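See structure below.
Any read-out appearing in this document is the output of simple, stated calculations on the displayed coordinates, not a laboratory observation. Computed from a predicted structure; not experimentally measured. So basically every Cβ, Gly included, is an ideal-geometry build from the backbone, and we count neighbours across all protein chains shown.
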Amino acid sequence: MTFFIRLLLAFDKVIGRRSAAVSNSEAKRAPERHPGLSRIAILCLCLVQTEGLFGQNSPATLPNARVSKGGLVNAISVQGDEKVIIAGQFESVNGIPRDNIARLNVNGSLDETWNPGTIDWSINVLAIAGTNLFVGGNGLAKFSTTESGARDTVWNPHFADGAQIDTLAVSDSYLYVGGVWLFGVEAQRNLIRFSITGSGTVDNSWRPTTDWFVSALALDGTNLYVGGTFTRIGGKSRRGLAKVSTVTGVVDPVWNPNVEGQVSPLFLRRNDLYLGF
């Protein structure tokens, strides 16, 4: 007997008369207060008996994909055509070999035409920009979402030994990368950005250095919201959450919600920033 676990997450929990969303304007008005911050609520965890469902192979009659035994799916990203890219640690999907990354059709079957090939490191996060797919974890790579999913072998950013990538955000020109001990020897850097073209050169002129790890990013125009376990970023005291200029790398001197605990994930909707702990 197999059970399917279904999670419904509430990104707008109401606490008394306040929302869990952090309003940008509200945080500016009262930086010393916690404007409605709270943990994201799990509204529903239900176990639905689905005996026999996971025995299907491609093509599936229901949206369904089964990774290899003991495998994990750590990241999911939806393309504009509604095909779904999954990544993590697995060796096959629906019995067909795939190394840690695969794409599913809208009906849940494996897209057998798209196969980036071997990725021999665990994947934590995905980011799509046009026809470019950025893949991060114990490494970083760029693939095409078209045709067979070829890897861009020219684009090859360099990291410190033992670096772990936990979050990505992509703009028209740069890929913002957050994680653990990403770059630098004399000064630990847990937040950096690379060019999305050419060889993926690091931008050393943009340096909002943190004293601890970065686990979440959300991009809004020229503002980059940064979440993690840090207490200082860009030379300013910030507990777990900050707003950084993508132009200068300077931390916003006014916006300071002052949260407690590790912040991850982050999600932007209009003028509200939603966060989990």
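Say each of residue 236 and residue 258 gets a label point 7 Å from the Cα, pointing the same way as Cα to Cβ; how far apart are those two points in nm? The modelled label-to-label distance comes out at 1.4 nm. Coupling constants for segment 168-179 follow from the phi torsions by the Karplus curve (6.51 cos²θ - 1.76 cosθ + 1.60, θ = phi - 60°), and in residue order they are 9, 8, 10, 10, 5, 10, 10, 10, 8, 10, x, x Hz; glycine and proline get x.
A simple charge model with +1 on the Cβ of Lys and Arg, -1 on the Cβ of Asp and Glu and nothing else charged puts the dipole of segment 227-277 at about 60 debye relative to its Cα centre.
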